[in-house]
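Report on the structure given below.
The values are calculated or read from the model by the stated rules, or taken from the named source; none is laboratory data. Every value quoted in this text rests on a predicted model; they were computed, and no experiment measured them. When we count neighbours, we look across all protein chains shown, and the Cβ atoms used for this are built from the backbone with ideal geometry, even at glycine.
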Amino acid sequence: MISGMDLNRRVALITGGSRGVGAATAIKLAQHGCNVAINCNRTFDLANKVAEECKSFGVKALVVKGNVASDQDCRRIVSETIESFGKLDILVNNAGSTRFINFQDLDDVQDEDWDLIMGVNLKGPFQCARAARPVLESSEIGVIVNTASVAGITGVGSSIPYCASKAGVINLTLSLARTFGPKIRVNAVAPGFIEGEWLKKGLGENYEEVRSKKSQEGLLDKVSLPEDIADGIFSMIICQKVTGHILTVDTGHTIGPRISTGI
């Protein structure tokens, strides 16, 4: 029992759950007795490894393949989860995509970049929420947590379409919270720089330089790990009186710099 909420035998669906924040969230929920459905699009082997780790905590775990940019896939992902577990209590919309494009090179932003990023990052959460709404309304604790980004607040990130998509996720969270209440709570986390393979691949040889810069700019002199973001998602799940909230998890980067005099 945590803050009045018992997650034992609850059911959570985590999109983009094969690695990074999604995997850390699935494992965190499994540690607290929650059965988990782990969605992935291509990384099926990684998702299976996450599922096996979740099962080691004595819970049931399912891998559900599908592309959240497809409404048909979203409906199938939700229905397969319900068929396997009989219910759904928690939806974590974590699947995400980006392209690393220099902000000044506007001509490098192609239609397919917009379609990919908006399809996964913004349409996906809406489509999954829509598909899951009826079953979440029947749950005693129905809750949705979306993974946004500080890029949606500051306008600084991997590309202009990515920043725009995450700003959309923030607004979508507010709209859905107004629409789905009182039966379903809807919150979001907005991570900053997250240490891990995803950014290493995207930033390449610039990774360590960017990581060091982000660490120095944060008030805590460090960057976040996927597990830190999972902790934020977990808190948005168990805080039963919180809805329509955007939780920034960025080691204080967006409100920096530090001050010593108060002026």
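So the values come out like this:
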read-out: Filter result for the condition that a residue is crowded, with 18+ Cβ neighbours inside 10 Å and either under 16 Å from residue 131 (Cα atoms) or among the charged types (D, E, K, R) (or both), over 64, 59; value: 64
read-out: Qualifying position, being over 29 Å from residue 242 (Cα atoms) and touching a Phe, Trp or Tyr at 6+ places or on another chain (Cβ under 9 Å), among 97, 158, 149; value: 158
read-out: Lone unmet requirement of (1) surrounded by fewer than 16 Cβ atoms within 10 Å (Cβ to Cβ); (2) closer than 20 Å to residue 229 by Cα; (3) touching a helix residue (DSSP H, G or I) at 6+ places or on another chain (Cβ under 8 Å) for residue 171; value: (3)
read-out: Residue count, region 120-144 (criterion: of a type in the set (Val, Ile, Thr), closer than 22 Å to residue 245 by Cβ and out of contact with any Phe, Trp or Tyr (no Cβ under 9 Å at 6 or more places or on another chain)); value: 2
read-out: Helices (runs of 4 or more DSSP H) within region 145-238 that include 2 or more residues closer than 29 Å to residue 111 by Cβ and either without any contact (Cβ under 8 Å) to a residue 12 or more places away in the chain or not basic (Lys, Arg) (or both); value: 151-154, 160-180, 197-203, 207-217
read-out: Extreme residue, farthest from residue 93 (Cα to Cα), among residues of region 124-168 that are among the charged types (D, E, K, R) and surrounded by fewer than 20 Cβ atoms within 10 Å (Cβ to Cβ); value: 140
read-out: Given (1) modelled with pLDDT of 95 or more; (2) among the aliphatic types (A, V, I, L, M); (3) in contact with a Gly (Cβ under 9 Å, 6 or more places away or on another chain), number of the condition residue 219 does not satisfy; value: (1)
